[in-house]
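Report on the structure given below.
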Amino acid sequence: MTAPVQEAALALRLDGITKRFGALTANGDVSLDLRSGEILALLGENGAGKTTLMNILFGHYVADEGQVLVNSGNGSLTELEPGSPHAALEAGIGMVHQHFTLAENLSALDNILLGTQSLATLSTARAPARAKLEDLMARSGLTVSLDARISQLSVGEKQRVEILKALYRDARVLVLDEPTAVLTPQESETLFATLKTLADDGLGIIFISHKLAEVIASSHRVAVLRGGCKVADLPTASCDQRKLAELMVGHEIVETIRTEKEAGRSLFVLKRIFAGQGRDALQDVDLDLKSGEILGIAGVSGNGQTTFAKVISGLEPIVSGEMLLEDQPLTHVDARKMIDIGLARIPEDRHHDGIVGAMSVSENLAIESIRKPENQSFGLLRFAAIRERARSLIKAYDIRCQSEDSPARLLSGGNIQKIVLARTLETMPKVVLAAQPSRGLDVGATSDVHKRLLAARDRGAGVILISEDLDELMRLSDRIAVIHRGKLSEANPTEMLDRSTLGLRMAGHDGEEAA
Amino acid sequence: MIRFEPRGPVPVSRVLSVLVAAAVAALLLAAIPMAFAGLSVFGAYGLMVKGAFGSMFAFTEMLTRATPLILTGLAAAVAFRAKLWNIGAEGQLYAGAMAAVAVGTGAFGGPSLFLIPLVILAGALAGGLVMLGPTLLKTRLGVDEVVTTLLLNFIILLFVQMMLEGPMKDPMGMGWPQSEPILDEAALPKLMARMRIHWGLIIALVASLGVYFMLKRTVWGFEIRAVGENAAAARHSGIPVTATFVRVGLISGALAGLAGVGEVAGLKGYLTADLSPGFGYSGIVVAMLAGLSPVGVIIAALFIASIFVGADSMSRATGVSNYLADLMVAMSLLCVLVAGLFLRFKIRLVGAPAAKETAK
Ligand SMILES: Nc1ncnc2c1ncn2[C@@H]1O[C@H](COP(=O)(O)OP(=O)(O)OP(=O)(O)O)[C@@H](O)[C@H]1O
Ligand SMILES: [Mg+2]
């Protein structure tokens, strides 16, 4: 996209921001301008300091040095009071966090009004608010049902509520931290169309993303952070994906290519599985995973992937059907048993299911094997061994943290994912279930995950890859099946498929002919 | 206006100084009603300090009072670590006391050499078993353990009263609802001649260190912490969540049961329905004051025991009700909770020059 707003007024200026956490410099002397009507993409490796920078802008953290200047509407820049989200909101800065901050059991309307007026006011007093929101929704295309409870909304809808919340407070600058990480490709497209409309209306927008294609397609300008410092600030028109990737990691990224390989014998088999209930239930699912192959599962999220992953993780009992590993039926499974027989699982929601944030990095690396003799003897933890192993995994998987003793919750999103990858893939599993494994990972880390999944396949493991990213699926998978409304299609060799066929099947068309 | 800004990790020295400040603030706040009651504040506090530390007798009395508080505090702390909300230490304490009496009066025979270990074991077991019910109801049926453990307190206390009026009633008790005294061979030895302080204190201290060690160094402790901090991730990682809850429930109940053992076998010698002036509930306060740290529990229990014993003695000397002690304990808890806020957040006054400090 070309920049339409060369001479528009400055909306925001970050001036020499430095933020240290102990010995670690999360942001080093970062300066950044944003004009009204401009869409700026903020890029950087996992742990480069993007979220930290935006948290300073929004007043969650106070910078050690530097200041934030905002255009308060009258054209001149004034300093924003540090450390006060309230002041940031007043100054017209809206933020949509990497993790949503909505009250689950309030309605969308209540959430939007929260903090601006008392929730106890009569519904008549809300009429103006409602009218303003209806108008905003009509102009921006962000439609949500205002009276629905947050807990009933999908991820995409929740995000729209977050954006509306910012717009309702007359935001002139909107910050979105990895908004597309949790969206389906279709939802992402809608989001960017909306952002474009809003920018044309004069809103200044900063978004963080690891998906270079959408950065190229939807931003005017790109700023790149590396190790906390700004290393590039360019018009998007002058960039391509390869160049951006290089700027981020400092060297060229080589995507691993899948080599043709004869799949082995049947390894992990599902027969006529029924499980779960409601929208996400599995209906008569068959699967035959061979050793030495990557089997991709495509589908729009919410079509049974969650139940599928839970069943294989040993967390959801099957209602009927059969599960076999190497021809041995698996009965009465639980998570422990699945891990013990060599099933590695990478959960989709790593914050919820993957790590215990309050525990240290080394403890999180050991959690799945805590009862193994290498980690304990006679019920006593072998600290030295646990930390030793943690240090080697931190190195091997390039987990960026201050030390193996830091609480896992202090790590950046991508580095948390690396903890999960490290502890699961390290055990040389027979079967790997990877649900959205590269969600939130930077290009370097993504290619590293791909390399590791391919390596697992090449040594004879079977890999089930659940992903919404068709590029990722087509590049890695030997065969791809599509899940729709809880039914899994037959898996076809990737060579026989193209994006449009997959897209149709994901939307529920053409299922019959394919079977 | 006041604004809160989250802080990073806080050094231990900061934690300790804030806690001391909280204790001082609590005592200052409690001075207000004391002044209203017509006491000289310094005089009253002086009497309290004397009552808790003024003589060897006072000091050992304070330690005797701290003994059950350490154990019930531990019971709450270890359960709360796993987010198992055991509010039933009071009932578990009575269950432990009842079992100790049943075994200690020689009802089941057996060589007297093993009587003390048997009494201890029986008390711990009884407390643990009482907690088993609520734990299983929680893990199997999702019944809220706050409700079940709380209500069990009343059920057990009524059961104790029934037993004391019936099968356990001392025939020599001149009609008082109390049990037969335990045998001398079953009583926990005193720590000092002519003082009431007994071996229960040693048991409590050992238990604290044991719980500390378990949480920090063992697989069980690891699993308890993981389940408490994020049960979903623990389950996903193959940690037996149900078994962990059951284990924590048993440990927690057993610790509360030990408190009951100490009170009958170390102090009173027989069981009455007013054995505990709410040690089970005070244990929750102790655990909260200690920030759920097993070693902190010792300090918190000593603090609360000093207030109780000191206030008792002060009220005897001045005639002012010893409810003041409850008030001070409540104030301390509030102050410590507020202090926790100071530890987690930087608090800045807005509009003050402080807001400008980071500007160049
Ligand atoms: N409160 C904190 N205390 C200590 N270290 C922190 C804290 N918050 C962030 N960090 C560290 O600062 C660095 C930057 O983190 P940040 O979350 O800004 O990364 P990011 O660029 O958003 O990464 P990602 O793409 O993975 O989300 C990381 O190394 C992180 O571990
Ligand atoms: Mg981030």
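The values are calculated or read from the model by the stated rules, or taken from the named source; none is laboratory data. Everything quoted here is computed from the prediction, not taken from an experiment. So basically every Cβ, Gly included, is an ideal-geometry build from the backbone, and we count neighbours across all protein chains shown. Each accessible area value is taken on the protein alone, full model and side chains, heavy atoms only, with ligands, DNA and RNA left out. Shrake-Rupley method; radii C 1.70, N 1.55, O 1.52, S 1.80 Å.
Summary of values
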{"quantity": "Hits in the stretch B:261-285 - residues which are β-branched (Val, Ile, Thr) and either within 11 Å of B:Leu93 (Cβ to Cβ) or touching a Lys or Arg at 6+ places or on another chain (Cβ under 6 Å) (or both)", "calculated": "B:Val261, B:Val264"}
{"quantity": "The stretch A:324-361, subset surrounded by 24 or more Cβ atoms within 10 Å (Cβ to Cβ) and among the small types (Gly, Ala, Ser), residue farthest from the other protein chains (Cβ to nearest Cβ)", "calculated": "A:Ala344"}
{"quantity": "Matching entry among A:Ser301, A:Ser403, A:Ser313 (being hydroxyl-bearing (Ser, Thr, Tyr), facing chain B (nearest Cβ under 10 Å) and under 26 Å from the mean Cα position of the chain (by Cα))", "calculated": "A:Ser313"}
{"quantity": "Number of the exception - A:Arg130 against (1) within 30 Å of A:Arg439 (Cβ to Cβ); (2) charged (D, E, K, R); (3) surrounded by 14 or more Cβ atoms within 10 Å (Cβ to Cβ)", "calculated": "(1)"}
{"quantity": "Count - residues of the stretch B:221-264 that are open to solvent by 10 Å² or more (accessible area, probe 1.4 Å) and within 18 Å of the chain's Cα centre (by Cα)", "calculated": "5"}
{"quantity": "Matching residues, the stretch A:61-79, being modelled with pLDDT under 85 and among the aliphatic types (A, V, I, L, M)", "calculated": "A:Leu77"}
{"quantity": "Pairs where the first residue, in the stretch A:197-213, is away from every other protein chain (no Cβ under 14 Å) and β-branched (Val, Ile, Thr) and the second is within 16 Å of ligand 2 (Cβ to nearest atom) and part of a helix (DSSP H, G or I), C-beta under 8 Å, 6+ apart", "calculated": "A:Ile206/A:Met54; A:Ile208/A:Lys50; A:Ile208/A:Thr51; A:Ile208/A:Met54"}
{"quantity": "Residue within the stretch A:101-111 that is modelled with pLDDT under 85, within 21 Å of A:His220 (Cα to Cα) and in contact with a helix residue (DSSP H, G or I) (Cβ under 8 Å, 6 or more places away or on another chain) present", "calculated": "no"}
{"quantity": "Residue check, A:Asn55 surrounded by fewer than 24 Cβ atoms within 10 Å (Cβ to Cβ), in the same structural domain as A:Ile205 (by TED's automatic domain parsing), away from ligand 2 (no atom under 16 Å from the Cβ) and not hydroxyl-bearing (Ser, Thr, Tyr)", "calculated": "no"}
{"quantity": "Residue in the stretch A:35-52 that is charged (D, E, K, R), within 15 Å of ligand 2 (Cβ to nearest atom) and assigned to a helix (DSSP H, G or I) present", "calculated": "yes"}
{"quantity": "Residue check, A:Ala335 free of Cβ contacts under 8 Å to residues at least 40 places away in the same chain, assigned by TED's automatic domain parsing to the domain that holds A:Lys310 and within 21 Å of B:Ile224 (Cβ to Cβ)", "calculated": "yes"}
{"quantity": "Qualifying residues in the stretch A:362-416 (those that are free of Cβ contacts under 8 Å to residues at least 40 places away in the same chain and at positive phi) - the one surrounded by the fewest Cβ atoms within 10 Å (Cβ to Cβ)", "calculated": "A:Phe378"}
{"quantity": "Hey, B:Leu267 open to solvent by 10 Å² or more (accessible area, probe 1.4 Å) and touching a His at 6+ places or on another chain (Cβ under 9 Å) or not", "calculated": "yes"}
{"quantity": "Matching residues, the stretch B:224-240, being free of Cβ contacts under 8 Å to residues at least 24 places away in the same chain and not basic (Lys, Arg)", "calculated": "B:Ala226, B:Glu229, B:Asn230, B:Ala232, B:Ala233, B:Ala234, B:His236, B:Ser237, B:Gly238, B:Ile239, B:Pro240"}
{"quantity": "Segments classed as helices (runs of 4 or more DSSP H), wholly inside the stretch A:58-165, with at least 2 members that are within 14 Å of chain B (Cβ to nearest Cβ)", "calculated": "A:85-90"}
{"quantity": "Residue match in the stretch A:378-398 (condition: within 12 Å of chain B (Cβ to nearest Cβ), of a type in the set (S, T, N, Q) and away from ligand 2 (no atom under 16 Å from the Cβ))", "calculated": "no"}
{"quantity": "Breaking point among (1) free of Cβ contacts under 8 Å to residues at least 12 places away in the same chain; (2) open to solvent by less than 30 Å² (accessible area, probe 1.4 Å), for B:Asp274", "calculated": "(2)"}
{"quantity": "Meets criteria (under 28 Å from the mean Cα position of the chain (by Cα), open to solvent by 20 Å² or more (accessible area, probe 1.4 Å) and away from every other protein chain (no Cβ under 14 Å)) for A:Arg279", "calculated": "yes"}
{"quantity": "Only one of B:Ser13, B:Ser55, B:Ser40 that is within 30 Å of A:Gly59 (Cβ to Cβ) and open to solvent by 10 Å² or more (accessible area, probe 1.4 Å)", "calculated": "B:Ser13"}
{"quantity": "Pairs, first within 14 Å of B:Ser112 (Cβ to Cβ) in the stretch B:183-194, second in a loop (DSSP other than H, G, I, E, B) and open to solvent by less than 70 Å² (accessible area, probe 1.4 Å), C-beta under 8 Å, six or more apart", "calculated": "B:Leu183/B:Thr105; B:Leu183/B:Gly106; B:Ala186/B:Thr105; B:Ala186/B:Gly106; B:Ala187/B:Gly269"}
{"quantity": "Those residues of the stretch A:166-176 which are open to solvent by less than 10 Å² (accessible area, probe 1.4 Å) and either without any contact (Cβ under 8 Å) to a residue 60 or more places away in the chain or over 28 Å from A:Ser76 (Cβ atoms) (or both), in sequence order", "calculated": "none"}
{"quantity": "Odd one out for A:Leu146 among (1) at pLDDT 80 or above; (2) surrounded by fewer than 19 Cβ atoms within 10 Å (Cβ to Cβ); (3) under 27 Å from the mean Cα position of the chain (by Cα)", "calculated": "(2)"}
{"quantity": "Those strands (runs of 3 or more DSSP E) lying entirely in the stretch A:201-273 with at least 2 residues more than 16 Å from ligand 2 (Cβ to nearest atom) and within 18 Å of A:Gly49 (Cβ to Cβ)", "calculated": "A:229-235"}
{"quantity": "Subset of the stretch A:88-114 [surrounded by 18 or more Cβ atoms within 10 Å (Cβ to Cβ) and over 22 Å from A:Ala199 (Cβ atoms)]", "calculated": "A:Leu102, A:Ser107, A:Ala108, A:Leu109, A:Asn111, A:Leu113"}
{"quantity": "Residue identified as within 16 Å of ligand 1 (Cβ to nearest atom), within 14 Å of chain B (Cβ to nearest Cβ) and β-branched (Val, Ile, Thr) among A:Val443, A:Val449, A:Val420", "calculated": "A:Val420"}
{"quantity": "Tally of residues being within 16 Å of ligand 2 (Cβ to nearest atom) and in contact with a Lys or Arg (Cβ under 8 Å, 6 or more places away or on another chain) across the stretch A:58-75", "calculated": "1"}
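Residue-by-condition table, conditions (1) surrounded by 20 or more Cβ atoms within 10 Å (Cβ to Cβ); (2) under 30 Å from B:Gly221 (Cβ atoms); (3) within 14 Å of chain A (Cβ to nearest Cβ):
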| site | (1), (2), (3) |
| --- | --- |
| B:Ile284 | yes, yes, no |
| B:Leu289 | yes, yes, no |
| B:Leu292 | no, yes, yes |
| B:Ile304 | yes, yes, no |
| B:Leu327 | no, no, no |
